[in-house]
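Report on one structure; see the data block that follows.
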Amino acid sequence: MRVLSKLNNFLSKLAYSLAMLIVAIMVTALSLSAITRYISGTGYDWLIELPPILVCWLVFPLLGPILKEGNHIQVDFLSSLVSSNTNKFIKIFTNLTAFIASLIFFKAGFDATMLYFRLGQMMELELDIPIWWMYLSFPVGFVILALFSIEMTIQSIVDAKNPARRET
């Protein structure tokens, strides 16, 4: 468990660093596009095309860290209706569901990535970027989510077995 927690802490820092870099690149690209268009009257299409390409790499690697922090959209109406013991089992169920879903989406993302890798198709943009590069964010993000879900499931089971343990 300790190794998994350390790995997930590292992945969390890496995912947030990647997200900050991507946001900085997006803002810079759009700003340069506007400045170039204002000064010269024409712009570079690739500066406008780059941010949408990077969105998938912004979103999917953050799935696990955001889930662990509890920042996903969630509905907590059941927690106010049931006992704290039942809430512990709901957490176990929720974390297991996230784990199973991450495996399913990993498989689908991996298959799509491999399909586009084998096809060798490029995006029809000014930038020559292989399509598989964008799809690679799906399996990467869902592997990260699976690791975080495993950690959270184990922690939920430990919390359920130990009634004296306080939630943080």
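If you find the alpha carbon centre of the stretch 49-126 and of the stretch 19-45, how far apart are they in angstrom?
Answer, in whole Å: 29.
Putting +1 on Lys and Arg Cβ atoms and -1 on Asp and Glu Cβ atoms, find which of Leu81, Met26, Tyr116 reaches farthest to the positive end of the dipole of the chain.
Leu81
Could you please rank Ile104, Ile66, placing first whichever residue has the fewest other Cβ atoms within 10 Å of its Cβ? Don't jump to the answer; show the numbers that get you there.
Values: Ile104 11, Ile66 18.
So the residues, fewest neighbours to most, are Ile104, Ile66.
Against the longest alpha carbon principal axis of the chain, how many degrees, from 0 to 90 and to the nearest 10, is the axis of helix 84-119 turned?
Approximately 30 degrees, to the nearest 10.
Give the long-range amide H neighbours of Met122: residues separated by 5 or more places, or on another chain, with amide H under 5 Å away, using H modelled in the peptide plane at 1.01 Å from N.
The answer is Ile131.
Nearest 10 degrees, 0 to 90: what angle lies between the long axis of helix 2-40 and the longest principal axis of the chain (Cα atoms)?
Tilt of helix 2-40: around 30 degrees.
No solvent, one uniform scatterer per C-alpha: report log10 I(q)/I(0) for the stretch 2-161 via the Debye equation at q = 0.10, 0.19 1/Å, two decimals.
-0.50, -1.16
In what order do Met122, Met20 fall by count of nearby beta-carbon atoms within 10 Å, going from fewest to most? Mind dumping the intermediate values first?
Numbers: Met122 14, Met20 11.
With the sparsest Cβ surroundings first, the list reads Met20, Met122.
Which of the aspartates and glutamates could a cross-linker bridge to Lys161, judged by Cα under 20 Å and excluding same-chain residues fewer than eight apart?
Partners found: Glu151.
So, counting K/R as plus one and D/E as minus one, what does the shell of residues with Cβ under 14 Å around Leu145 add up to? Numbers along the way, then the final one.
Values: positive: Lys68, Lys107; negative: Glu69, Glu151.
So the surrounding residues net to 0.
Give the angle, between 0 and 90 degrees and rounded to the nearest 10, that separates the Cα long axis of helix 45-59 from the longest principal axis of the Cα atoms of the chain.
Computed tilt is about 10 degrees.
If we count every other residue with Cβ under 15 angstrom of Glu49's Cβ, Lys/Arg +1 and Asp/Glu -1, where does the sum land? Don't skip to the answer; put the middle values down first.
Numbers: positive: Arg37; negative: Asp45, Glu124, Glu126, Asp128.
Net of charged neighbours comes to -3.
Packing-wise, with mean Cβ within 10 Å as the measure, how do 136-145, 111-120 rank, highest first?
136-145, 111-120
Contact order normalised by length for the stretch 2-161, with contacts defined as Cα pairs under 8 Å and 6 or more residues apart; what percent is it? Before the final figure, lay out the partial values.
On the way: 168 pairs, mean separation 49.8, N = 160.
Answer for the stretch 2-161 is 31 percent.
Mind checking which lysines have their C-alpha under 26 Å from Lys13, skipping anything on the same chain fewer than 8 residues away?
Output for Lys13: Lys68, Lys91, Lys107.
Could you tally the net charge around Leu7, taking each other residue with its Cβ under 15 Å from the Cβ of Leu7, Lys/Arg +1 and Asp/Glu -1?
On the way: positive: Arg2, Lys6, Lys13, Lys68; negative: Glu151.
Here the count lands on +3.
Ignoring everything except DSSP H segments at least 4 long, calculate the 222 nm mean residue ellipticity for the chain; use -39,500 (n - 2.57) per segment, divide by total residues, nearest 500. All intermediate terms of the calculation are to be shown ahead of the outcome.
On the way: 6 runs with 127 residues, N = 168.
When only DSSP H runs of four or more count, the value is -26000 deg cm²/dmol.
Work out the length of the dipole vector of the chain about its Cα centre, built from +1 on the beta-carbon of each Lys and Arg and -1 on the beta-carbon of each Asp and Glu, and round it to the nearest 20 debye.
880
Rule-based calculations on the coordinates, nothing more; no lab input. Computed from a prediction, not measured in an experiment: that's the story for all the values here. In this analysis, Cβ positions are derived from the backbone assuming ideal geometry, glycine residues included, and neighbour counts consider all displayed protein chains.
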